[in-house]
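Everything on this sheet refers to the single structure shown next.
The values are calculated or read from the model by the stated rules, or taken from the named source; none is laboratory data. All values reported here derive from a predicted model rather than from experimental measurement. So basically every Cβ, Gly included, is an ideal-geometry build from the backbone, and we count neighbours across all protein chains shown.
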2 protein chains.
Amino acid sequence: MSNFEVLFDYIQEISDKLLSEDDKHLLMAHFKPKKLRKRQYFLQEGDVCKYIGFIVKGSARTFTVDEKGHENVLKLSLENWWLADFESFYLLTPSRFNIEALEDLEVLQSTNAQIEEFLKHIPAFSAMQNIISQNYTIATQKRMQAAYSYTAEERYEDLIINYPHFLKRFPQNMIASYLGLSPETLSRIRKNSFK
Amino acid sequence: MSNFEVLFDYIQEISDKLLSEDDKHLLMAHFKPKKLRKRQYFLQEGDVCKYIGFIVKGSARTFTVDEKGHENVLKLSLENWWLADFESFYLLTPSRFNIEALEDLEVLQSTNAQIEEFLKHIPAFSAMQNIISQNYTIATQKRMQAAYSYTAEERYEDLIINYPHFLKRFPQNMIASYLGLSPETLSRIRKNSFK
DNA sequence: ATAATGAGTTGACCTAAGTCAAACCTACTT
DNA sequence: AAGTAGGTTTGACTTAGGTCAACTCATTAT
C-alpha cells in the first residue's frame, strides 16, 4: 500500500464522505512525502511550524525543554496521526516545542495555505477536520481532568486502558514524561501493580 | 443591548464575515434565552448535555466530584464564552461533569442538531467555529503544558498574566481548584508573592 | 442586633512524588 | 569479545503541596 493510499483510507474511514479521483489528485499534488531517521527533528524550538505531517509509518514525540534542561513530553504520536505544533502552524509564530522522530518516520506533509485549499475544495477533507476537532476536544478535556485530579497511578492505569499499544511502541521513560512523572516513579508504580 | 445583539456582535467580531438579516433571524428563531439563578445547574452529572449555551451575562464553573466528594473545577466561564460538556454534547452520552452558575446567569442556548444547521447555512457561524476551534486547540495545549510542567506558583502567575479578570470575578477557592490546588496552598502562595 | 454560614488564613503535620546516585541490563558498535 | 550508550531498577533522602483543625472576617438570614 502506497503512502497516499494510507492517507486516503484514513480520510475515508473517519469522514464517511467519498474522495473523488479529482480529490485524490489534488491531495497527491500537494502532500509531499518526507522521511526522517530516528532522532531527527520534524520541528525545532524557535522555528515556525510550516508543515503539518500525516504519519504513514513510525513514531514521534512533542516535547519542551525547560531552563534546567528538563525535557517534558506533551504528545506521543503514531501512524495515522497528525504531527504539528498547531499554535505555530496556525499563527505562524515561532514554536516553543520540539518534535522528534522516535523511530524512522515517514510522513506526508503540507502547508497551512494548502490545507485551507483542501478544506475549501474537498468535502471529505473538511468533514474529516470537523471529526478530528471534536475528538481532540473530547480527548483533551479528559486529559486535562486526569492531569489535575488523578494520581500518578491512576493516570498510568488510564493509559493502559486507553492506549495499550503505547506500552509496546514507546520507551518507558517517554511514557513517564508523557504522564508527567519521573522515570523512577513510573518504574515503582509498575513494580507495585504486579502484586 | 439585547441578548441577541451581544451574540451577533460576538460572531461578527471573531468571524469577520457579515451576518445577513436572514442569518440573524435564523439565529433568533433557534437560540432560546434561559436564565439561571446563582447556584442553579446548567448541567448535572449523569444527564446528557443537550444544550450549548452562549453566556450573555454571569459566570459558571464546570466541575467533577470524585468518590471522596472532592470537587474539581475544570473550567471557569464568563460572558461571551460557550457553555457545554462537549463530549456529552457531541456524542449525546451522559456527562461526567456538572456546570453550575456562580452568579445569576443569562444564556442563549441551542441544540446540537440546530448548531449543525447554523454551520451549514450561516457562513459567519462556521467561520466563527473554525476560529474558536483553533483558539481552543492553542489554549488547551498551553494549559496541558502548564499542568504537567509548571509549579503551583508558576501556574498562578500564568493566570494573573493571562486571565487577570478571573481574580475579580471568581472566589479564590474556585481559582485554587481550577489551578489544581487546595485553597490553603493558593492562600500561602498569595501571601508569599507579596514580599 | 445576633446568629449562622461560607470564604480566607494560619499552623502543625503528612504523604506522594521528585531527586540523586549507584547498580544493572540489553542492544549495538568496533 | 569487549566497550559503550540507553534505558530501567532500587535505595536513601528531600520537598512541594495536601490534609486537618482552629481561628478570623464578612455577608446573609432571622
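Exactly one residue among B:V73, B:V65 is of a type in the set (V, I, T), at pLDDT below 95 and within 16 Å of DNA strand D (Cβ to nearest atom), and that residue is B:V65.
Residues in segment A:90-147 that are of a type in the set (F, W, Y), under 17 Å from A:Y10 (Cβ atoms) and within 9 Å of chain B (Cβ to nearest Cβ): A:Y136 only.
Considering segment B:1-37 alone, what residues qualify as being among the basic types (K, R) and not in a helix (DSSP H, G or I)?
Hits for segment B:1-37 are B:K17, B:K32, B:K34, B:K35, B:R37.
For segment B:159-175, filtered to residues that are of a type in the set (V, I, T) and more than 9 Å from DNA strand C (Cβ to nearest atom), the residue that is farthest from B:A60 (Cα to Cα) is B:I161. Condition check for B:N135 on (1) without any contact (Cβ under 8 Å) to a residue 12 or more places away in the chain; (2) under 30 Å from B:L26 (Cα atoms); (3) surrounded by 16 or more Cβ atoms within 10 Å (Cβ to Cβ): one failure, at (3).
Counting only residues that are within 11 Å of chain A (Cβ to nearest Cβ) and among the hydroxyl-bearing types (S, T, Y), segment B:59-81 holds 2 of them. Within segment B:81-92, can one find any residue that is loosely packed, with under 13 Cβ neighbours inside 10 Å and within 22 Å of B:L119 (Cβ to Cβ)? Yes: one or more hits. For segment A:154-195, give me each residue that is away from chain B (no Cβ under 14 Å), touching a residue at least 40 places away in the same chain (Cβ under 8 Å) and outside any loop (DSSP other than H, G, I, E, B). Scanning segment A:154-195 gives A:H165, A:F166, A:R169, A:S193. Looking across segment B:134-156, the residues that are within 12 Å of DNA strand D (Cβ to nearest atom) and either over 20 Å from B:F63 (Cα atoms) or within 17 Å of the chain's Cα centre (by Cα) (or both) come down to B:S149, B:Y150, B:T151, B:E153, B:E154. One residue alone among A:Y148, A:Y156, A:Y178 is modelled with pLDDT under 95, on the phi < 0 side of the Ramachandran plot and either in contact with a helix residue (DSSP H, G or I) (Cβ under 9 Å, 6 or more places away or on another chain) or more than 16 Å from DNA strand C (Cβ to nearest atom) (or both), and that residue is A:Y148. Residues that are within 13 Å of chain A (Cβ to nearest Cβ), crowded, with 18+ Cβ neighbours inside 10 Å and outside any strand (DSSP E or B): does segment B:38-52 have at least one? So far as segment B:38-52 goes, yes, one or more of its residues are within 13 Å of chain A (Cβ to nearest Cβ), crowded, with 18+ Cβ neighbours inside 10 Å and outside any strand (DSSP E or B). Going through (1) farther than 25 Å from B:A147 by Cβ; (2) crowded, with 16+ Cβ neighbours inside 10 Å one by one, B:D104 falls short only on (2).
Considering the conditions (1) within 16 Å of DNA strand C (Cβ to nearest atom); (2) more than 23 Å from A:S59 (Cα to Cα), A:A127 is excluded by exactly one of them, (1). Does A:V73 count as assigned to a strand (DSSP E or B) and over 30 Å from B:Y150 (Cα atoms)? Criteria not met by A:V73.
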